[in-house]
Amino acid sequence: MPRILTALQPSGILHIGNLFGAIEPMVKLQVDDNENLLFIVDYHAITVPQEPAELRRNILFATATYLAAGIDPEKTILFQQSRVSEHTELAWILNCLVHMGELERMTQYKDKARGKGESVSVGLFDYPVLMAADILLYDTNVVPVGEDQKQHVELARDLAERFNSRFGETFVVPQPQIRKEGARIMGLDDPEKKMSKSASSEKNYISLMDDEKAVLKKIKAAVTDSGSTISYEQTRPGLANLLTIYSLVTGKPTDQIVNEYEGEGYGDFKVGLAGAVSAYLAPIQEKINGYLQDEPKLLAILETGAARAQAIAAKKMELVRQKIGVKL
Ligand code: ADP
Ligand code: TRP
């Protein structure tokens, strides 16, 4: 059975880009002949400063959101990274195999460390090694990630091969599965760049928790171009992005939406889109709130997930300790 694994950082805001680009693809992978793991990488999150009470809230919020979006904890092992200490243990061993130069080349590190000089944390530098441990612990075959994480998965492959050649066959060499561009949602205020919670304005994204009023306001303010008819063209990236969102929330092909708005202007189109987005989000929001109000249930789900993950991870660590010679 192919083992498919991915992980997301706990953050206070999740937007429709995260939903369509990362969470829904994982929901679709929940088919009988896959074994899935999905976890919340809280130890990756602390590579940049986090406020403890907020981090706790964000972990619960992320869990509630995955469940609301359709992650079934029976079909997917859903857990919190910090609860399975084998992740950090294996990271230490991999630290002793990775080269400084390999980590210095990581573009995410270079981007995040820029301007910080010598005060950048060692955790941020080491981030990809913890991620390699996340993946290798579970004999993962496939790692669905966004394009920006491909380099990290390649490091995990290199470390698996290095370990195997030094100590004998131990780790499965994982394959990255880069999500198709189709699921990429662009910023509402800047359709040339992807929608992101770290954008400079809240008008960039639609949060999964935005109410009807906020959705309407943001969509009305969304950048479109100077044309006046509704059509899907690469030369009109703002409108193309709105049509993509419209199609994702209604399940209708963009052609059909274009036909429905024939002869109408941006105004009606935007009001229609805002209504469709809110209608799509309403049941998800209701479920998220339901889970958040039942914290014992969320904790129980994470507990079961951690136990299932740890059963796999502990066995692997036993083998690793034996291979490197520390198991007596
Ligand atoms: P953000 O840029 O908002 O901080 P992250 O980098 O935390 O988002 O991404 C979390 C996951 O969501 C990643 O797997 C990423 O590929 C996916 N993702 C983020 N933004 C988008 C987007 N605009 N469209 C599609 N997928 C996205
Ligand atoms: N670094 C990934 C991101 O920011 C999250 C992550 C951590 C991950 N460990 C992982 C993704 C293991 C896939 C597999 O998106």
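The values are calculated or read from the model by the stated rules, or taken from the named source; none is laboratory data. Here the structure is a predicted model, which is why all the values come from computation and not from measurement. When we count neighbours, we look across all protein chains shown, and the Cβ atoms used for this are built from the backbone with ideal geometry, even at glycine.
For segment 187-238, which residues satisfy the criterion of being within 16 Å of ligand 2 (Cβ to nearest atom) and in contact (Cβ under 8 Å) with a residue 24 or more places away in the chain? Outline the logic, then answer.
So the first thing to find is which residues in segment 187-238 are within 16 Å of ligand 2 (Cβ to nearest atom), and the list is 194-198.
Correct list: Lys194, Met195, Ser196, Lys197.
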Taking segment 252-268 and keeping only residues that are assigned to a helix (DSSP H, G or I) and more than 16 Å from Leu216 (Cα to Cα), one is left with Thr254, Asp255, Gln256, Ile257, Val258, Asn259, Glu260
Criterion: within 16 Å of ligand 1 (Cβ to nearest atom), among the acidic types (Asp, Glu) and modelled with pLDDT of 95 or more - qualifying residue of Glu89, Glu104, Glu54 | Glu54
Mind listing whichever residues of segment 128-144 are within 13 Å of ligand 1 (Cβ to nearest atom) and surrounded by fewer than 22 Cβ atoms within 10 Å (Cβ to Cβ)?
-> Pro144
Conditions (1) more than 16 Å from ligand 1 (Cβ to nearest atom); (2) without any contact (Cβ under 8 Å) to a residue 12 or more places away in the chain -> Lys28 fails only (1)
Could you say which residue among Val271, Val215, Val249 is in a helix (DSSP H, G or I), over 24 Å from the mean Cα position of the chain (by Cα) and at pLDDT 95 or above?
-> Val271
Return yes when Asn58 is in contact with an Asp or Glu (Cβ under 7 Å, 6 or more places away or on another chain) and either in the same structural domain as Pro283 (by TED's automatic domain parsing) or touching a residue at least 24 places away in the same chain (Cβ under 8 Å) (or both) and no when it is not.
-> no
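Looking at Val223, Val249 in this structure, which one is touching a Phe, Trp or Tyr at 6+ places or on another chain (Cβ under 9 Å) and of a type in the set (A, V, I, L, M)? Lay out the reasoning, then the answer.
Values: Val223 fails: touching a Phe, Trp or Tyr at 6+ places or on another chain (Cβ under 9 Å).
After ruling out the rest, the residue left standing is Val249.
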Give the residues of segment 144-168 that are farther than 17 Å from Ala7 by Cα and either β-branched (Val, Ile, Thr) or not assigned by TED's automatic domain parsing to the domain that holds Val27 (or both), sorted by residue number.
-> none
For Phe163, work out the one condition from (1) more than 24 Å from Leu248 (Cα to Cα); (2) buried (at least 16 other Cβ atoms within 10 Å of the Cβ); (3) within 14 Å of ligand 2 (Cβ to nearest atom); (4) not charged (D, E, K, R) it doesn't fulfil.
-> (3)
Return only the number of the condition from (1) surrounded by 21 or more Cβ atoms within 10 Å (Cβ to Cβ); (2) away from ligand 1 (no atom under 13 Å from the Cβ); (3) among the aliphatic types (A, V, I, L, M) that Leu19 does not satisfy.
-> (2)
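Assigned to a loop (DSSP other than H, G, I, E, B), within 20 Å of Pro296 (Cα to Cα) and within 20 Å of the chain's Cα centre (by Cα) - does that describe any residue in segment 79-96?
yes
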Within the set of pairs 6 or more residues apart or between chains, which connect a residue that is in the same structural domain as Leu159 (by TED's automatic domain parsing) inside segment 98-112 to a residue that is hydrophobic (A, V, I, L, M, F, W, C) with Cβ atoms less than 7 Å apart?
-> Val98/Val129; Val98/Leu159; Glu102/Leu155; Leu103/Phe125; Tyr109/Leu103; Tyr109/Leu124; Tyr109/Phe125; Lys112/Leu124
Exactly one condition in (1) within 24 Å of Gln9 (Cα to Cα); (2) at pLDDT 90 or above; (3) part of a loop (DSSP other than H, G, I, E, B) is not met by Ser198; state its number.
-> (2)
Among all residue pairs at least 6 apart or on different chains, which show Cβ distances below 6 Å where the first residue, located in segment 165-178, is under 18 Å from Asp134 (Cα atoms) and the second is of a type in the set (Phe, Trp, Tyr)?
-> Thr170/Phe163; Phe171/Phe163
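How many residues are in a helix (DSSP H, G or I) and in contact with a His (Cβ under 8 Å, 6 or more places away or on another chain) if we restrict to segment 118-167? Outline the logic, then answer.
Within segment 118-167, the subset in a helix (DSSP H, G or I) is 118-119, 122-136, 147-167.
Retained after the next criterion (residues that are in contact with a His (Cβ under 8 Å, 6 or more places away or on another chain)): 127-128, 130-134.
So the answer is 7.
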